[in-house]
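*Asks:* Got a structure here, written out as structure tokens. Questions coming.
Read-outs: derived from the displayed coordinates by stated rules, not from any lab. The model shown is predicted, which means the values in this text are computed figures rather than measured ones. Here the Cβ is made from the backbone with ideal geometry for all residues, glycine too, and neighbour counts use every protein chain on show.
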Amino acid sequence: HAKPSPDVLADIVTKAHAKFKGVKEGANADYIPILTEVPSDLFGIVIITRDGKVYQAGDTDYSFSIQSVSKPFNAALVMQEQGAEALQEKIGVEPTGLPFNSKLALEIMPARSVNPLVNAGAIASVSMVDAKDEAQRWDKVRSNINDFAGAELTLLDKVYTSEYETSWSNRGIANLLFNYGRLYSEPEEALRVYTKMCSLGVNTEQLAMMGATLANHGVNPKTGKRVLDAEHVSKLLAVMLTAGFYDESGIWSYTAGLPAKTGVGGGIVAVVPGEMAIAAFSPRLNKAGNSIRAMKAINYISKELHLNIFEGV
Ligand code: GLN
């Protein structure tokens, strides 16, 4: 594809927003009770190019919980600290083809290998962060995500409490992992830090900046800080392409052709490697826990601008 001009980018976010604004399908996540209170009509889209230019439409400064969109960024921290092979061996990189909260994946995948973008692998990636205690673990997890965003994200306390108090499924996953020798800290500690990571508040622009850092080969375009080595970026994007949408990862790659990650807070970030990131936020989800309007908006932008990474190569 031709490199889109600033006018084209400004125009496409406005068009995507107008085109899908009226879509009402789906519903807020409700297994984390407080997420039902997020206004369902919010809808924001942001593109940030590799050089840090921002194009936006809609409710782009509303802070929502980052949820699973945090997962690849914490996997990045583990790669940066311990190398790509440690991630591959101690967690795994195979798509599960199963829902994000699957316990079955832990039982049926070879050698209990999952990937860092489903709950099991993400809880394991939090447990792998090198830390002397829980406070330091949380501090490292949080600062790394701040570095990707180029901003100080705040913990949404109410989201954290609401999720942690109802975390029976994730607690089960953490305990199963520990039982199989696939968790690398005490289970409840990993669960708490994982749940806090998911409860960080992020707006659509900050989310796009996180993606733009990956598009810029690991250097945050706003702060100039290297957050991830370039050799790890390509590996992380490969996992995002194959597993970023859980059991909808195939159809996502088939249609949008972009590495991306979703979260039940309604956020999605997609990366056009070497060029830009597209983030979108809308709370109503489909059955797989993926934001319907955010998916539609990013898919539309990808098609209109021919951003599919396999197109025209
Ligand atoms: N914190 C959520 C959970 O663990 C994240 C899930 C998601 O965004 N898909 O269930």
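*Asks:* Amide H to amide H under 5 Å from residue 200: which residues, 5+ apart in sequence or cross-chain, H placed 1.01 Å off N in plane?
*Replies:* 66, 67, 156
*Asks:* Once phi is turned into ³J(HN,Hα) by the Karplus curve 6.51 cos²θ - 1.76 cosθ + 1.60 with θ = phi - 60°, what whole-Hz value does each residue of region 39-54 show in order, with x for glycine and proline?
*Replies:* For region 39-54, the Karplus curve yields x, 5, 7, 4, 7, x, 9, 9, 10, 10, 7, 4, 8, x, 6, 10 Hz.
*Asks:* Each residue of region 68-78 in turn: what ³J(HN,Hα) in whole Hz from Karplus with 6.51, -1.76, 1.60 and θ = phi - 60°, glycine and Pro shown as x?
*Replies:* Those phi angles translate into 5, 5, 6, 4, x, 6, 6, 4, 4, 4, 5 Hz.
*Asks:* What is the set of long-range amide H partners of residue 285 at a cut-off below 5 Å, with H atoms built 1.01 Å from backbone N?
*Replies:* 27, 28, 29, 292
*Asks:* Using the Karplus curve 6.51 cos²θ - 1.76 cosθ + 1.60 with θ = phi - 60°, what ³J(HN,Hα) values do you get for each residue of region 296-313, in whole Hz, with x for Gly and Pro?
*Replies:* Those phi angles translate into 4, 5, 5, 4, 4, 5, 4, 5, 4, 9, 6, 8, 3, 5, 9, 6, x, 7 Hz.
*Asks:* Something else about it: Note the angle between two axes, namely the Cα long axis of helix 6-20 and the longest principal axis of the Cα atoms of the chain, as a number of degrees from 0 to 90, rounded to the nearest 10.
*Replies:* With both axes taken from Cα atoms, the answer is about 70 degrees.
*Asks:* By average Cβ neighbour count within 10 Å, what is the ranking of 268-275, 187-194 from highest down? Please list the in-between numbers first.
*Replies:* Numbers: 268-275: 25.2, 187-194: 21.9.
Per-residue Cβ counts within 10 Å, averaged per peptide and sorted highest first, yield 268-275, 187-194.
*Asks:* With +1 on each Lys and Arg Cβ and -1 on each Asp and Glu Cβ, and nothing else charged, work out how big the dipole of region 206-313 is about its Cα centre, in Debye to the nearest 20. Mind dumping the intermediate values first?
*Replies:* On the way: 10 positive and 7 negative charges, 74 e Å.
It comes to approximately 360 debye.
*Asks:* For Cα pairs less than 8 Å apart in space and 6+ apart in sequence, what is the mean separation divided by the residue count of region 68-198, i.e. the relative contact order in percent? Please list the in-between numbers first.
*Replies:* Working: 167 pairs, mean separation 37.9, N = 131.
So the answer I get is 29 percent.
*Asks:* Here is a follow-up. What ranking do 262, 49, 223 get, fewest neighbouring Cβ atoms within 10 angstrom at the top? Don't skip to the answer; put the middle values down first.
*Replies:* Working: 262 32, 49 21, 223 17.
Ordered by Cβ neighbours within 10 Å, fewest first: 223, 49, 262.
*Asks:* Something else: May I ask for the angle, rounded to the nearest 10°, between helix 168-179 and the longest principal axis of the chain, with both axes built from Cα atoms and the value confined to 0 to 90°?
*Replies:* Helix 168-179 sits roughly 60 degrees off the main axis of the chain.
*Asks:* For region 254-301 and region 175-225, compute the distance between their C-alpha centroids and round to whole Å.
*Replies:* 17
*Asks:* Between the helical axis of 230-243 and the dominant principal axis of the chain, each derived from Cα atoms, what acute angle in degrees is found, rounded to the nearest 10?
*Replies:* Once rounded, one gets 90 degrees.
*Asks:* Residues with beta-carbon under 14 Å from that of residue 1, excluding residue 1: net charge, scoring Lys, Arg +1 and Asp, Glu -1? Provide the component values of the computation, followed by the final result.
*Replies:* Working: positive: 3, 303; negative: 275, 304, 311.
Neighbour charge sum, excluding residue 1 itself: -1.
*Asks:* For the cross-link pairs 19/196; 15/225; 132/222; 15/235; 15/53; 140/296, which exceed 29 Å when the distance is taken from alpha carbon to alpha carbon? Display every interim value, and only then the final one.
*Replies:* Values: 19/196 34 Å; 15/225 33 Å; 132/222 31 Å; 15/235 32 Å; 15/53 18 Å; 140/296 34 Å.
Exceeds cut-off: 19/196; 15/225; 132/222; 15/235; 140/296.
*Asks:* Sticking with this structure for a sec: May I ask you to sort 184, 246, 31 by Cβ crowding, counting other Cβ atoms within 10 Å and putting the fewest first? Please list the in-between numbers first.
*Replies:* Working: 184 18, 246 25, 31 12.
By the 10 Å Cβ count, ascending, the order reads 31, 184, 246.
*Asks:* Test of the criteria: in region 228-313, which trypsin sites (Lys or Arg not before Pro) are in a DSSP loop and have at most 13 other Cβ atoms within 10 angstrom of their Cβ?
*Replies:* Details: sites: 235, 261, 284, 287, 293, 296, 303; in loops: 284, 287.
In loop regions of region 228-313 (DSSP not H, G, I, E or B), the sparsely surrounded trypsin sites (Lys or Arg not before Pro) are 287.
*Asks:* Which FRET efficiency, nearest 0.05, do residue 82 and residue 7 yield, Cβ-Cβ r, R0 45 Å? Intermediate results must be reported in sequence, preceding the final value.
*Replies:* Values: r = 44 Å, r/R0 = 0.97.
Calculated transfer efficiency: 0.55.
*Asks:* Here's another thing I want to ask about it. Between 98, 118, 146, whose Cα lies farthest towards the positive end of the dipole of region 68-198 when Lys and Arg beta carbons carry +1 and Asp and Glu beta carbons carry -1, centred on the Cα centre?
*Replies:* Value computed over the given set: 98.
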